[in-house]
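Heads up: the structure comes next, in structure tokens.
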Amino acid sequence: MPVGPQESVLYPLGSRVLTVGVLAIALVVAGSLVGWGRWEVLLRAAPGIALVAAGTIVLFWLPRVRVSPTGIEVVNPFRTYRAGWEAVQEVGTRWSTTLYTESGRIEVWAAPASGPLTGARDRARTGTAAIVRRQWEAYRDAPPLGSTGNGLSRHGHPLRVALLVTLAALTLLSILLP
């Protein structure tokens, strides 16, 4: 695949399939409780069902990597990083994709290590790490106009954290209260 002045959004397909499967199961559970008229059980189970659904979305659906000629954006479950290609010193791929910058290490949640069924040749050509590495090698020494520079910015996702903590507390309450 040629590297050119393009923007790509990368995410693991397996995580998307897992999320859809878990959400389908959650809907079936909630739907069956409604269908059988078990409203008291639904009220007690709803926080747990919502926690599983929201947790699956945050952990498996939302993470992604956006690569462009000007830099990279890594969206992890609880934090997002943006860096120009000049800020990236190395792209590691031993266990998962890791970006090494002057400001520290960035683990790329959306680029897990390849499984045993993925051949080494396929990983080298088409994996997220390979695409990130090719973009980095193409732009690190000669950044295009409009580059974001050497800086690394990061920001958290407090609403995601608050949502999961709230649902976990409600789930705990629904279990402990008579």
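Just so it is clear, none of the values below were taken in a lab; they were calculated from the coordinates. Bear in mind the structure is a predicted one, so any value in this text is a computation, not a measurement. FYI the Cβ positions are ideal-geometry reconstructions off the backbone, even for glycines, and counts take in every protein chain you see.
Please report the net charge: other residues with Cβ closer than 15 Å to the Cβ of Val34, K and R +1, D and E -1. It would help to have the intermediate numbers written out before the result.
Working: positive: Arg38, Arg44; negative: Glu40.
Neighbourhood net charge equals +1.
Once the Cβ-Cβ distance between Arg105 and Ala169 is put in as r, and R0 is 35 Å, what FRET efficiency do you end up with, to the nearest 0.05?
On the way: r = 32 Å, r/R0 = 0.91.
That gives a FRET efficiency of 0.65.
Going by how many other Cβ atoms sit within 10 Å of their own, how do Ser15, Ser174 line up, fewest first?
Ser174, Ser15
May I ask for the distance between the Cα centers of the range 148-178 and the range 65-114, given as a whole number of Å?
Distance between centres, Cα-based: 22 Å.
If the chain between Ala30 and Arg79 were fully stretched, how many nm would it gain, using 0.36 nm times the residue separation less the Cα-Cα distance? All intermediate terms of the calculation are to be shown ahead of the outcome.
On the way: separation 49, 0.36 × 49 = 17.64 nm, distance 3.08 nm.
Length difference between fully extended and current span is 14.6 nm.
Which ordering of Ile106, Ile175 is given by a fewest-first count of other beta-carbon atoms within 10 Å? Spell out each step's value before the answer.
Working: Ile106 20, Ile175 11.
Least crowded to most crowded, the residues run Ile175, Ile106.
Hey, fewest Cβ within 10 Å first, where do Tyr11, Tyr81, Tyr100 land in order? Walk me through the numbers on the way to the answer.
Details: Tyr11 19, Tyr81 22, Tyr100 14.
Fewest to most other Cβ atoms nearby, the residues stand as Tyr100, Tyr11, Tyr81.
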